[in-house]
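Worksheet: the structure to be examined is printed underneath.
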Amino acid sequence: MTTTIFYYTGTGNSLWTARRLASALGETQCVSLKRCTEEKIVCGAERIGLVFPVHIWGVPPPVVEFVGRLNVDPAQYLFALAVNAGQPAATLIQLQSILREKQLCLSSGFSIDLPSNYIPWGGAPASGKQQKKFDAVLAKLNRIAAVVRGRDERPPEKGPFWQNWMLSALYRISLPHVAGMDKPFFADEKCSACGICEKICPARNIEMAEEKPVWKHRCEQCFACIQWCPEEAIQYGKGTKNKKRYRHPEISLKDMLASVSPER
């Protein structure tokens, strides 16, 4: 029985999760949704998965847009994994509602707790703490693989009531402003004009001008630019200087560059 997993990733957590789940499932293809440029996304796999990070306590706009183009049979088994740092809120409930509008069913949905990449609130945790999270997720992915193989119907996982109410409200308030939330980004004196930030941005939101990156207000708040800068020259306001960067240790820059649009 075949499976296709569509993933969206900024610093590698979701790509790693998709790959590890694919390995546990077997006969599974992992596809970056940023490489899917067709007007309608047709997938003939018997099981279809979505793996993506929670952004501002909800479904990232690129995933919402992708689901809008997804053209599959209601009989196909749809599942999702929402990668977060301990606050999934009602993200998977939101995804369930989006799919229902297309007469599709989210058969199962799972919260995946991995290290945060939201550097304004803190740098990367120590490697030992990271590894504990990786180990816990690997064990959970084996359980998820059993559910998906069996095409079991499970209610989507969600956070506690306070998350579902308060954080979901913050998502709705913040969503219209996400594209312009790149205003605090800048490159400091360490910038070597290597252009990696421009290449790795999944939103094509960065352009190099006079050997410095310029953000074009199409931001998705994935933080790929700040986390993958080899010089740690990109900052977000005044609070990120000297904070330890985070990207998944098993994901390479080559992996990330391959996950963005083929037109880049």
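Rule-based calculations on the coordinates, nothing more; no lab input. Remember, predicted model here, so these are calculated numbers, not experimental data. Note that each Cβ is placed from the backbone with ideal geometry, even for glycine, and that neighbours are counted across all protein chains shown.
By the beta-carbon count within 10 Å of each Cβ, the least crowded to most crowded order of 201, 219, fewest first, is 219, 201. Residue order for 135, 182, fewest other beta carbons within 10 angstrom first, comes to 135, 182.
Compute the acute angle (0 to 90°) between the alpha-carbon long axis of helix 13-25 and the principal axis of greatest extent of the alpha-carbon atoms of the chain; round to the nearest 10°. The angle comes out at about 30 degrees. Among 252, 168, sorting on how many other beta-carbon atoms sit within 10 Å of each Cβ, with the fewest leading, yields 252, 168. Between residue 190 and residue 1, the FRET efficiency from the beta-carbon distance, with R0 = 35 Å, is close to 0.10.
In the structure displayed, which of 190/244; 40/102; 190/238; 34/140; 34/241; 129/241 lie more than 19 Å apart, Cα to Cα? Distance filter (> 19 Å) returns 34/140; 34/241; 129/241.
In the chain, the DSSP beta bridges split such that about 25 percent are antiparallel, to the nearest 5.
Using just the helices of the chain, give the 222 nm mean residue ellipticity in deg cm²/dmol: DSSP H runs with n ≥ 4 each add -39,500 (n - 2.57), and the total is spread over all residues, rounded to 500. Show your work: numbers first, answer last.
Values: 8 runs with 79 residues, N = 264.
Taken over the chain, the calculation gives -8500 deg cm²/dmol.
Relative contact order, whole percent, for the chain stands at 22, derived from Cα pairs under 8 Å and 6 or more residues apart.
With +1 on each Lys and Arg Cβ and -1 on each Asp and Glu Cβ, and nothing else charged, work out how big the dipole of region 3-173 is about its Cα centre, in Debye to the nearest 20. Roughly 320 debye, rounded to the nearest 20.
Remark: region 148-161, residue by residue, has Karplus-estimated 3J(HN,Hα) of 5, 4, x, 6, 6, 8, 10, x, x, 6, 8, x, x, 3 Hz, where x stands for each Gly or Pro and the curve is 6.51 cos²θ - 1.76 cosθ + 1.60 at θ = phi - 60°. The H on the amide N of residue 29, modeled in the peptide plane, is under 5 Å from the matching H of 3, 4, 5, each at least 5 residues off or on a different chain.
Length gained on full extension, residue 132 to residue 64: 21.4 nm, using 0.36 nm per residue less the C-alpha separation.
Working from Cα pairs under 8 Å separated by at least six residues, relative contact order for region 116-264 is 29 percent. Amide H contacts of residue 106: none lie under 5 Å away among residues 5 or more positions distant or on a separate chain (H built 1.01 Å from N in the peptide plane; Pro and chain starts excluded).
Rg and Dmax of region 3-173, both derived from C-alpha coordinates alone, stand at 15.2, 44 Å. Couplings 3J(HN,Hα) of region 105-117, computed from phi: 10, 7, 6, 7, x, 9, 8, 10, 9, 10, x, 6, 10 Hz, in residue order, whole Hz [Karplus 6.51 cos²θ - 1.76 cosθ + 1.60, θ = phi - 60°; x for Gly and Pro].
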